[in-house]
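Notes for the one structure printed next.
The values are calculated or read from the model by the stated rules, or taken from the named source; none is laboratory data. Predicted, not measured: the structure shown is a model, and the values here were computed from it. Here Cβ is always computed from backbone atoms with ideal geometry, including for glycine, and neighbour counts include all displayed protein chains.
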Amino acid sequence: MTIKLFVTDLDGTLLNKKHEVSEENKVAIREIVAQGVTATIATGRMYSSALPYAKQLEVDVPIITYNGALIKSVSGEVIFESYLDPKIVAEVYEFCVEHNWYIQAYADDVLYFKEYDAKAKSYEILAGLKGVALGDKLYEMTEKIPKMLIITANEAETDAIVPVLQAHFKDRIFATKSNPDYIEIVNPSVNKSAALDLLIKKLHLTKDQVLAIGDSNNDLPMLKTAGFSVAMGNAREHIKEVVSAVTTDCEHSGVAAAIYKYILKK
């Protein structure tokens, strides 16, 4: 197995609980890049939130953001973009208001929410950026929306909402849990797997030359696409059951451990 493309999720994978890239992970990624492996990121985060981490890795490659709705290089080249239909965006707003669910949206790589409440503030801290509170004008933001995000109170609520959303909108959206209290809403054709396929073609590679690593439900499509897949030690059991291998957790530089064992074979 010769790996030419290494793809890592961010939260719960490359990043520890303090939202930092460990020095061990940085060194390991730089080592494989020095050996000719392309290393990149695939995340549900917005581009501007993922970009600082890509820069820390000192690579200029396409990064997969918004769960696959935008693929854009560190230097700014757009490889792919996909937006939700404005009518569907309006319907999602309406459905969330009816159910009293927190919803936020993104346009032109800016975060928008209705009011600056605890959930909005918490998300800003996680993403490392500032959003814009629009009041009811949020519901007029329907154009060029790559992703919408529902933030719940806990994982049980998340697991209850996802099937309700998918049943209501059917094949007009793709709703997925990206962490215990986040539900991402994108176009039905958008996911990390489809984005990874595009990247594989752009780099003239085959799937068996790809190693992907992740920890969450939104990583599953990507993990199933890669020729070799690795789950983090902190991933749930249903994630671990479908991958090629399991590494240590995000608090113990599981990304570096996987790189050394499966790519550098040290």
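A few remarks follow.
- Conditions (1) closer than 15 Å to PRO62 by Cβ; (2) out of contact with any Lys or Arg (no Cβ under 8 Å at 6 or more places or on another chain); (3) assigned to a helix (DSSP H, G or I); number of the one not met by HIS204: (3)
- Count of residues meeting criterion [farther than 17 Å from ASP109 by Cβ and either aliphatic (A, V, I, L, M) or outside any loop (DSSP other than H, G, I, E, B) (or both)] in region 43-69: 4
- Condition check for TYR112: outside the structural domain of ILE63 (by TED's automatic domain parsing), at pLDDT 95 or above and either among the polar types (S, T, N, Q) or assigned to a strand (DSSP E or B) (or both): yes
- Single residue of region 123-141 satisfying the filter (over 22 Å from LYS177 (Cα atoms) and assigned to a loop (DSSP other than H, G, I, E, B)) that is nearest to the chain's Cα centre (by Cα): LYS130
- Counting residues in region 209-225 that are in contact with a Phe, Trp or Tyr (Cβ under 6 Å, 6 or more places away or on another chain), surrounded by 23 or more Cβ atoms within 10 Å (Cβ to Cβ), at negative phi and not in a helix (DSSP H, G or I) gives one or more.
- Selection status of LEU149, assigned to a strand (DSSP E or B) and closer than 16 Å to THR65 by Cβ: yes
- Extreme residue, nearest to the chain's Cα centre (by Cα), among residues of region 70-98 that are outside any helix (DSSP H, G or I) and of a type in the set (Val, Ile, Thr): ILE71
- Contact annotation: residue pairs with Cβ atoms under 7 Å, 6 or more positions apart or on different chains, pairing a residue in region 136-159 that is loosely packed, with under 13 Cβ neighbours inside 10 Å with a partner that is assigned to a helix (DSSP H, G or I) and of a type outside the set (A, V, I, L, M), are GLU143/PRO86.
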